[in-house]
Amino acid sequence: MEFDYLKPGDTQQLCRADSSMMMNITVERLHNETLEIYSEEEETAIVLLEGNVGMGVECPVNGSYVVNAKRVNPIDHAGYCLHVPRYTHVTIYLLEKTPSEILVQSTKNDREFPSQFYTPENTRRDTFGQGQFDGKAERRVTTYFDIHNAPYSNMVCGEIVQPQGGWSSYPPHEHPHPEVYYYRFDKPQGFGACFLDDGVHKIRDRSFAAIEGGKYHPQVTAPGYRMMYVWMIRHFDGYPWDERNFHPDHTWLLEGK
């Protein structure tokens, strides 16, 4: 689950579509190179984690255009996500000489749909856990797209920002669909814990969790360290993800909420 820091030009592969996660997910650290993305089989989501980039898009459904995205860091600044169908060419290039970090999520999808650029102005953001557990599980949740605003997609993509010492994916829940978390902390020495059923794993900056369906997966970050993670889910054919199943031992936490 843990990886060293990415160096300029490095690619970190989190999972492959031929695994139980059913998605290809990589993190790309761009120094001065251009990144070309194209697939004849897969839809693709591109999330800017940090940096300043331009993206040229050639989509067979809604044409060609260019968008820009700038994000100083993934904790304090809202994100950007480009979501495109198959047969779409995307060219990503730096607008500043500082490195940029990009997450790329993809999976097979033969549906045609228009590409969509999600920005801080048109993206859904919620606060979960308000008024519960003395604030220990309050977190900011960004949903770039899910079954509600992108019913044509086979994926879900979003982000969570967790205040220091707090919990998320809480109360503990599971769902049959596979999910992947990619973590960033506000300080490089930040750390926390990921629970997968009865197992506990240390998480730190630029680590990830590949969560098989049916596993309960609460998360916690250490006091003093704020945590952000990208959360990505793969729908099943004919059975999209749209609900959480809470652990029966902890459903009492939801009573009266």
One residue is enough: does the stretch 31-48 have a residue meeting the conditions assigned to a strand (DSSP E or B), over 17 Å from the mean Cα position of the chain (by Cα) and not acidic (D, E)?
yes
Can you tell me which residues in the stretch 14-30 are among the aliphatic types (A, V, I, L, M) and in a loop (DSSP other than H, G, I, E, B)?
A17, M21, M22, M23
For the stretch 196-235, what are the residues that are among the aliphatic types (A, V, I, L, M) and not in a loop (DSSP other than H, G, I, E, B)?
L196, V200, I203, A209, A210, I211, V220, M227, M228, V230, M232, I233
Would you please name the residue that is least open to solvent (accessible area, probe 1.4 Å), looking only at residues in the stretch 205-229 that are basic (K, R) and under 20 Å from R140 (Cα atoms)?
R206
Exactly one condition in (1) in a strand (DSSP E or B); (2) on the phi > 0 side of the Ramachandran plot; (3) not basic (K, R) is not met by V180; state its number.
(2)
Mind checking which residues of the stretch 9-54 are of a type in the set (V, I, T) and either free of Cβ contacts under 8 Å to residues at least 40 places away in the same chain or surrounded by 13 or more Cβ atoms within 10 Å (Cβ to Cβ) (or both)?
T11, I25, T26, V27, I37, T44, I46, V47, V53
Look at the stretch 80-125 and say how many of its residues are of a type in the set (D, E, K, R), open to solvent by less than 80 Å² (accessible area, probe 1.4 Å) and under 20 Å from V180 (Cα atoms).
1
Take Y144 and decide whether it is open to solvent by less than 60 Å² (accessible area, probe 1.4 Å), touching a Ser or Thr at 6+ places or on another chain (Cβ under 7 Å) and assigned to a strand (DSSP E or B).
yes
Residues that are in a helix (DSSP H, G or I) and of a type in the set (S, T, N, Q), drawn from the stretch 236-257
T251
What do you reckon, is V90 touching a residue at least 12 places away in the same chain (Cβ under 8 Å), aliphatic (A, V, I, L, M) and over 30 Å from K187 (Cβ atoms)?
yes
When residues of the stretch 106-131 are limited to those that are assigned to a strand (DSSP E or B) and aromatic (F, W, Y), the one farthest from D237 (Cα to Cα):
F128
Of the criteria (1) open to solvent by 50 Å² or more (accessible area, probe 1.4 Å); (2) within 18 Å of the chain's Cα centre (by Cα), which one K202 fails:
(2)
Report the residue count in the stretch 129-147 for those that are in contact (Cβ under 8 Å) with a residue 24 or more places away in the chain and within 17 Å of the chain's Cα centre (by Cα).
6
Hey, among E174, E159, which residue is open to solvent by 10 Å² or more (accessible area, probe 1.4 Å), out of contact with any helix residue (DSSP H, G or I) (no Cβ under 8 Å at 6 or more places or on another chain) and on the phi < 0 side of the Ramachandran plot?
E174
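The values are calculated or read from the model by the stated rules, or taken from the named source; none is laboratory data. The model shown is predicted, which means the values in this text are computed figures rather than measured ones. Using ideal geometry, Cβ is built from the backbone for each residue, glycine included, and neighbour counts are taken over all protein chains shown. Quick note on the areas: whole protein, heavy atoms, side chains included, nothing else; ligands and nucleic acids left out. Shrake-Rupley method; radii C 1.70, N 1.55, O 1.52, S 1.80 Å.
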